Amino acid sequence: MAQVEKRGGLLRKSSASKKPLKEKVVLMYDEIFMTEDPSKCSPRFWEELFLMKVNLEYLEGKLESLDGEELMKIKDNINCLFQHCIQALGEEHPIRVVNALQTLCALIRGVHQKNKSTSGFDIINMLMGFDKAELCMKNLMESLDSLLCAEGSESLKSLCLKLLLCLVTVTDNISQNTILEYVMINSIFEAILQILSHPPSRREHGYDAVVLLALLVNYRKYEEMIQLLYEFKYMTIYAAQLRLGLEKPKNSSSALSDGTIIKCQCPDQIVVWSVNPYIVKLSIVDDEATLNGMGLVIAQALSEYNRQYKDKEEEHQSGFFSALTNMVGSMFIADAHEKISVQTNEAILLALYEAVHLNRNFITVLAQSHPEMGLVTTPVSPAPTTPVTPLGTTPPSSDDEHRLHSGKLCLIILTCIAEDQYANAFLHDDNMNFRVNLHRMPMRHRKKAADKNLPCRPLVCAVLDLMVEFIVTHMMKEFPMDLYIRCIQVVHKLLCYQKKCRVRLHYTWRELWSALINLLKFLMSNETVLLAKHNIFTLALMIVNLFNMFITYGDTFLPTPSSYDELYYEIIRMHQSFDNLYSMVLRLSTNAGQWKEAASKVTHALVNIRAIINHFNPKIESYAAVNHISQLSEEQVLEVVRANYDTLTLKLQDGLDQYERYSEQHKEAAFFKELVRSISTNVRRNLAFHTLSQEVLLKEFSTIS
């Protein structure tokens, strides 16, 4: 018997003497792509179609191959197919439901791919028709909601989520995807929460659910008013009539149940004020099981990223190349080609950010329930699985720019946490100690710390360690000024909390002081190059004011009096760096250049540091001369410092413990729009609908007669 091959919707016999045969489902697709109604000659056409195994490749390819005119000619058949897909979602036979879901995915992707440059309303018309769109999408969303909340097939739930992710990400800019207006009106928020709160569902679908929620939250996030003008007149007037129950638009305004307000000013223009309901609902979630479930999904995904990075790192720790690069390591090491490259998971970082930023309770739950943290605890509930190639990850080949984006997002998340009173209370709680293993880049002047020597400390120590690590490892030619500013801001906000609450943290502050001084030295030694791109005085001022914070308020939060002495010792020991900084800013502040004002602020901020240096240095020199010592030990210098505090005069500086709170709107809107665009593209690229083979589905639904 001749062997049969399947290729592009064709069944081809190995003998070349006969023409290839098409699959039955492909023949049925071809009928849909005719102008006639396929059910005219075959009344059971639609019933039979959804019993056929879907050929996604052929259906999408056929849609993409048609031009605009050809597509419009078969619009009625496409509308009919879309509607029958929705009807099939209510069928008892799961195979029909699966085939309907996959067909919907192919339809949505195929039509969008063909109409990338056209408006969202054209897509709605092509898929459903303007007059039926409201009802179609209502029925679709209700069916998806029921399938997601039911106790049935996990495969069906998986496809439902993939369909929703497909719907959200068919456009790079999700805010231009007008179909999502219907997803806003017919919310599936509660279904997503149910998946996250239920351990078996979370284990199977938690990752997709979290990514979907993060994307939905970002739909038209920054648009307080959406103005729908003349070209969308038909759609908007119809929507207004249907949703407000009006026979025709009137000069009035009404509030809808979902919080949207439609203002009908004239027949040609309707103005819509819309609040994204997913933002509102996420901000008020207080169910511990749900929030804990979300935290588990995020923690698992980030843990997987860390595991992959660690595995890659270990691969690179042997051999000649590794030894050579470690030996030559310097502050410019990051300019070299990265040896270690792992996919960055921007989607899961965005989900973490939205949870932390929007929901105060999320931080509370993270603080109270942390099964993944530490070295000895076991997860309370099964950890959710993360896809092999997670949705929303950035491939290593294009990772350089995205690594900066990921770093910025991580620092923004830490900024939100550093501002939160409850989070700070947890981070600084001396009764809650953890061992946190931080990646430390191999550098010339230090050896990698052994993991077994990790101390058990409050979590804020790990945050400070991370900031110190960032400071010392990113002083490079392509200087990430924005990230450094955010890093220093995180440290400052933590210090403000410690000062306010008089928390005396047992931390090796010297490492921070040393890192800050080395950063100042880097700014000075690269003044010309850096000033061509950045206002380095903004960063220099922040660093100097951190030292001023320690000088002015250190007695309220440093752990011991000797810690305060060590601060003075470090300033005196590194006085040359502060002297050089003063000379640089004085030079620029006395010139009529563009940096005059910025440099002047640093000059004024250095007043107390210079007072300390000018007060103690002569006394140290005198002590050395009297005792005939060429080089004083640290203890001898500290002895001089302790003996001369009383005669030191410092100026009171206002506002050192004040800071501007983080604000996403306006300042960060452009960053998040670009980030969401990148995530949407990557989710669409990684989304696979054919992963559930017909054989797997038949096995799962083996009870079907």
| said: Just to be sure before I move on: is VAL529 among the β-branched types (Val, Ile, Thr) and open to solvent by 50 Å² or more (accessible area, probe 1.4 Å) in the structure I sent? | reply: yes
| query | Out of curiosity, is LEU546 in contact (Cβ under 8 Å) with a residue 40 or more places away in the chain and assigned to a helix (DSSP H, G or I)? | reply | yes
| Looking at the stretch 456-514, which of the residues that are part of a loop (DSSP other than H, G, I, E, B) and more than 30 Å from SER525 (Cα to Cα) is least open to solvent (accessible area, probe 1.4 Å)? | LEU505
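How many residues are closer than 18 Å to GLU288 by Cβ, open to solvent by 20 Å² or more (accessible area, probe 1.4 Å) and not polar (S, T, N, Q) if we restrict to the stretch 192-204?
Here the count works out to 3.
So, GLU91, is that one of a type in the set (D, E, K, R), open to solvent by 70 Å² or more (accessible area, probe 1.4 Å), in contact (Cβ under 8 Å) with a residue 40 or more places away in the chain and not in a helix (DSSP H, G or I) or not?
Yes.
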| said: Considering only the stretch 22-29, I want to know if a residue exists there that is more than 22 Å from VAL97 (Cβ to Cβ) and either touching a Leu at 6+ places or on another chain (Cβ under 8 Å) or modelled with pLDDT under 90 (or both). | reply: yes
| Verdict on LEU541 being touching a residue at least 12 places away in the same chain (Cβ under 8 Å) and either under 34 Å from the mean Cα position of the chain (by Cα) or farther than 25 Å from LEU648 by Cα (or both) | yes
| request: Say whether the condition of being β-branched (Val, Ile, Thr) and closer than 18 Å to ASP565 by Cβ is met by at least one residue in the stretch 623-638. | output: yes
| note | Contact list, first residue from the stretch 23-42 and among the β-branched types (Val, Ile, Thr), second anywhere and open to solvent by 30 Å² or more (accessible area, probe 1.4 Å), beta-carbon distance below 6 Å, six or more apart or interchain, is VAL25/MET52; VAL26/TYR58; THR35/LYS73
| field | Wholly within the stretch 205-315, helices (runs of 4 or more DSSP H) carrying at least 3 residues that are at pLDDT 60 or above and crowded, with 16+ Cβ neighbours inside 10 Å | value | 277-284, 288-315
| message | Just the residues that are surrounded by fewer than 19 Cβ atoms within 10 Å (Cβ to Cβ), in a loop (DSSP other than H, G, I, E, B) and among the hydrophobic types (A, V, I, L, M, F, W, C), please, taken from the stretch 53-88. | response | LEU66
| said: Just to be sure I understand the filter: pairs with C-beta atoms under 7 Å, separated by 6 or more residues or on different chains, first member in the stretch 273-284 and closer than 11 Å to LEU358 by Cβ, second member among the acidic types (Asp, Glu) and modelled with pLDDT of 95 or more. Which pairs pass? | reply: LEU282/GLU354
| Output for the stretch 556-601, where each listed residue is aliphatic (A, V, I, L, M) and under 21 Å from ASN617 (Cβ atoms) | LEU567, ILE571, ILE572, MET574, LEU581, MET584, VAL585, LEU586
| request: Please find, among ASP122, ASP131, ASP145, the residue that is assigned to a helix (DSSP H, G or I) and without any contact (Cβ under 8 Å) to a residue 24 or more places away in the chain. | output: ASP122
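Considering only residues that are open to solvent by 20 Å² or more (accessible area, probe 1.4 Å) and within 31 Å of the chain's Cα centre (by Cα), look in the stretch 124-150 and name the one that is farthest from PRO199 (Cα to Cα).
First pass over the stretch 124-150, keeping only residues open to solvent by 20 Å² or more (accessible area, probe 1.4 Å): 125, 130-132, 134-135, 138-139, 142-143, 145-147, 149-150.
In the following step, the residues that additionally are within 31 Å of the chain's Cα centre (by Cα) were identified as 138, 142-143, 145-147, 149-150.
Working: LYS138: 29, GLU142: 23, SER143: 23, ASP145: 18, SER146: 18, LEU147: 17, CYS149: 13, ALA150: 14 Å.
Among those residues, the one meeting the criterion is LYS138.
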| said: Checking the structure you have, find out if any residue of the stretch 423-441 is open to solvent by 40 Å² or more (accessible area, probe 1.4 Å), at pLDDT below 95 and part of a helix (DSSP H, G or I). | reply: yes
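Out of all the residues in the stretch 346-363, is one or more at negative phi, within 27 Å of the chain's Cα centre (by Cα), modelled with pLDDT under 65 and crowded, with 16+ Cβ neighbours inside 10 Å?
No, because not a single residue in the stretch 346-363 is at negative phi, within 27 Å of the chain's Cα centre (by Cα), modelled with pLDDT under 65 and crowded, with 16+ Cβ neighbours inside 10 Å.
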| said: Can you tell me how many residues within the stretch 176-188 are surrounded by fewer than 18 Cβ atoms within 10 Å (Cβ to Cβ) and part of a helix (DSSP H, G or I)? | reply: 1
| Of all residues in the stretch 664-705 being in a loop (DSSP other than H, G, I, E, B) and either closer than 20 Å to VAL217 by Cβ or modelled with pLDDT of 95 or more (or both), the one that is most open to solvent (accessible area, probe 1.4 Å) | HIS666
| field | PRO395 touching a Gly at 6+ places or on another chain (Cβ under 8 Å) and at pLDDT below 80 | value | no
| request: Search the stretch 32-52 for residues being in a loop (DSSP other than H, G, I, E, B) and of a type in the set (Phe, Trp, Tyr), and hand back the single one that is least open to solvent (accessible area, probe 1.4 Å). | output: PHE50
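Suppose we keep only residues that are farther than 16 Å from GLU91 by Cα and open to solvent by 10 Å² or more (accessible area, probe 1.4 Å) within the stretch 152-162. Which one would you say is farthest from the chain's Cα centre (by Cα)? Talk me through it step by step, then tell me what you get.
The first filter runs over the stretch 152-162 and keeps only residues farther than 16 Å from GLU91 by Cα, leaving 154, 158, 161-162.
Now drop any that are not open to solvent by 10 Å² or more (accessible area, probe 1.4 Å), which leaves 154, 158, 162.
Details: GLU154: 27, SER158: 22, LYS162: 20 Å.
Among them, the one singled out is GLU154.
The values are calculated or read from the model by the stated rules, or taken from the named source; none is laboratory data. Bear in mind that the values here come from a model prediction, so they are computed numbers and not experimental data. Counting neighbours? That spans all protein chains shown, and the Cβs are built from the backbone with ideal geometry, glycine included. Each accessible area value is taken on the protein alone, full model and side chains, heavy atoms only, with ligands, DNA and RNA left out. Shrake-Rupley method; radii C 1.70, N 1.55, O 1.52, S 1.80 Å.
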